[in-house]
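First the structure, in the form of structure tokens, and then the observations on it.
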Amino acid sequence: MRYYVTTPIYYVNAEPHLGHAYTTIAADILARYHRQKGDDVFFLTGTDEHGTKIAQAAEQRGLTPRAHVDEMAPKFRELARTLNASNDFFIRTTDPEHEAFVQGFVEKLRAAGDIEKRTYGGLYCTQCEGFWYERDLAPDGTCPDHGTKPTWVEEENYYFLLSKYQDRLSEFFRANPGLVKPKSRYNEALSFIEQGLEDISISRSSITWGVPVPWDTEQVIYVWVDALINYLSALTYARPGEDLVDRYWPVVYHLLGKDILKFHAVIWPALLWSAGYEAPTGETIHGYLLMGGEKMSKTRGNVLDPFAVMETYGLDALRFYLFREVAFGLDGTISLEGFEQRYTNELANELGNLVSRSVSMIGKYREGRIPQAGPEGDGLAGVAAEGEAMVRAAGAHFDAVEITAALESVWEYVRRLNKLVEEEAPWKLAKDETQAGRLDAVLRALAAGLRLVALTLYPVVPDTAVEILRRLGQPNGDADLLLEGAVWDGLVAAAVDVAPPLFPRIEKSA
């Protein structure tokens, strides 16, 4: 199967923060999981580099917009690399290939008769790079996403006839109830459509930093239209000499924050239809990461530095925490204290300690080799069945983009394996020669269970998963990570490696 997953492209008006990391990690988790299933995966992320907000940020720094974006975009590329994101391409909207594609795309809108020139006035939020209806503002007249007051903008622009697609959009949503997840966001988008759609500006005449309108170079293409088209344009030049549009479109799954739902769920399908393309297969809307009760935002100044967190706790601890702490799709509060608790209680004590104890006991009692299966495993068949059921349950959650629920399935089994250690007490079995077969069965069960845990956790904590497999002496190449091999009998009776703790203790002063 084909699976094309995207993040939003990120504004480069300021440094990357944990909010950007959150969406990128989510997309990476899904990409890695689908590769484990054997799917044909393409994963796209990148940067949005045009528009008023970028031009203003550059001016404040005393730079040209081009100098500003050329300095900032590599920081977002580096964030993806540091997060161990497995993206297949990193797009910049200043790429000449993208700009040319955007101009060709809007020419198709014009050829379809869906472009008109008009004078328009409206309330414009520079932070959103979008117009707001007065009815949708906060009670104090501010943008509900950024807390700033929109300004009145009036100019002559080119308009896309969005209203022409209202009935088609409504019918499309009702025929595809799983189009937008979660259901509350689907309902929100459908409600927006059925309240009545107005035509939208697709160009700006008051700024120059953008892609020129091909038939009127006095205007530039509206930054949101430019940005949305990246999901298509990237496929035309991500791999030199190949056009991947027919291969991956429209089997595309967009991940995005709820503040940009309208652009993706309502405007984007209509633009695609007008230009002769199919609408996306699915969109998943995640919530906000909150600090101090507010959404993390560069505008509000309450951001958490992902690089500092990774330096203290490690990359996989960050990846785990974000999706263990906050139910994916909902808003959730994060904190440094939360990092410490999850790290200590679950990663260090429950998973890390389980790996260390299991490998150490195999090393101590069986000369460092996982024992073969014997007939003395009565009662352990349940642990085997539970392990394979865990793999299936977590997979079903990943398929439904329920990352937090998938982690809960795994963690229930981690605790089951810890309980097995306490119930069987291998250190006691080792003292009784008549229990040698039982000890073999228990140690093998722990190794087999941990192998299933590692394979299932791989999308979320890839480095940790591979290290667990390595310590167990299990094959851990790309082919060995496929979920078709995540079965109880897939364990190899190999030599183990007793190594330092997976998650070392962190001093509170850090």
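Direction-averaged projected area, Cα convex hull, the stretch 172-320: 13.1 nm², rounded to one decimal. For the stretch 42-132, the Kirkwood radius over C-alpha pairs fed into Stokes-Einstein at 25 °C and 0.890 mPa s yields D = 156 µm² per second. For the chain, averaging the sequence separation of C-alpha pairs within contact (under 8 Å, six or more residues apart) and dividing by the residue count gives a relative contact order of 15 percent. At the listed q of 0.10, 0.16 Å⁻¹, the Debye profile of the stretch 2-304, built from one uniform point per Cα, gives log10 I(q)/I(0) equal to -0.53, -1.61. Between the Cα long axis of helix 381-399 and the first principal axis of the chain there is an angle of about 10°, rounded to the nearest 10. Computed packing ranks the peptides 444-455, 478-489, 396-407 as 444-455, 396-407, 478-489, most packed first, by mean other Cβ atoms within 10 Å. Computed over the stretch 336-490, relative contact order equals 29 percent, with contacts defined as Cα pairs under 8 Å that lie 6+ residues apart. Go through Ser163, His254, Trp132 and say which Cα lies farthest out towards the positive end of the charge dipole of the stretch 2-304; charges sit on Cβ, +1 for Lys and Arg, -1 for Asp and Glu. Towards the positive end, the residue furthest out is His254. Do the alpha carbons of any pairs in Lys75/Lys149; Lys37/Lys75; Lys117/Lys149; Lys117/Lys164; Lys108/Lys164 sit beyond 24 Å of each other, and which pairs? As for pairs spanning more than 24 Å Cα to Cα, those are Lys75/Lys149; Lys37/Lys75; Lys117/Lys149. A Stokes-Einstein calculation at 10 °C with viscosity 1.306 mPa s, built on the Kirkwood radius of the stretch 360-510 over Cα pairs, returns a diffusion coefficient of 99 µm²/s. A straight line joining the Cα centroids of the stretch 445-510 and the stretch 151-181 runs 47 Å.
Based on the Kirkwood radius over alpha-carbon pairs, what value in µm²/s does the Stokes-Einstein equation return for the translational diffusion coefficient of the chain at 20 °C and 1.002 mPa s? All intermediate terms of the calculation are to be shown ahead of the outcome.
Details: Rh = 24.9 Å.
In µm²/s, the coefficient rounds to 86.
Residues whose amide H lies under 5 Å from that of Tyr11, counting only those 5 or more places away or on a different chain, are Asp48; hydrogens are built 1.01 Å from N in the peptide plane. Centroid-to-centroid, using Cα positions, the stretch 235-275 and the stretch 386-431 are 37 Å apart.
Students often check this: by mean Cβ neighbours within 10 Å, which of 270-282, 491-503 ranks highest, and how do the rest follow? All intermediate terms of the calculation are to be shown ahead of the outcome.
Details: 270-282: 19.0, 491-503: 15.1.
Order by mean packing, descending: 270-282, 491-503.
Protection proxy ranking for 82-91, 369-378, using the average of other Cβ atoms within 10 Å per residue and placing the highest first: 82-91, 369-378. Entry note, the stretch 167-316: relative contact order of 21 percent, from Cα contacts under 8 Å with a spacing of 6+ residues. Taking only Cα atoms, what is the 0 to 90° angle, nearest 10, from helix 436-457's long axis to the longest principal axis of the chain? Relative to the chain, helix 436-457 is tipped by roughly 10 degrees.
Extents of the stretch 369-446, largest first, come to 49, 22, 20 Å (Cα atoms, principal axes, whole angstrom).
Every read-out reported here was derived from the displayed coordinates using simple, explicitly stated rules and does not represent laboratory data. It should be emphasised that the depicted structure is a prediction, and the values quoted were computed from it without experimental measurement. Glycine gets a Cβ as well: all are built from the backbone with ideal geometry, and neighbour counts include every protein chain shown.
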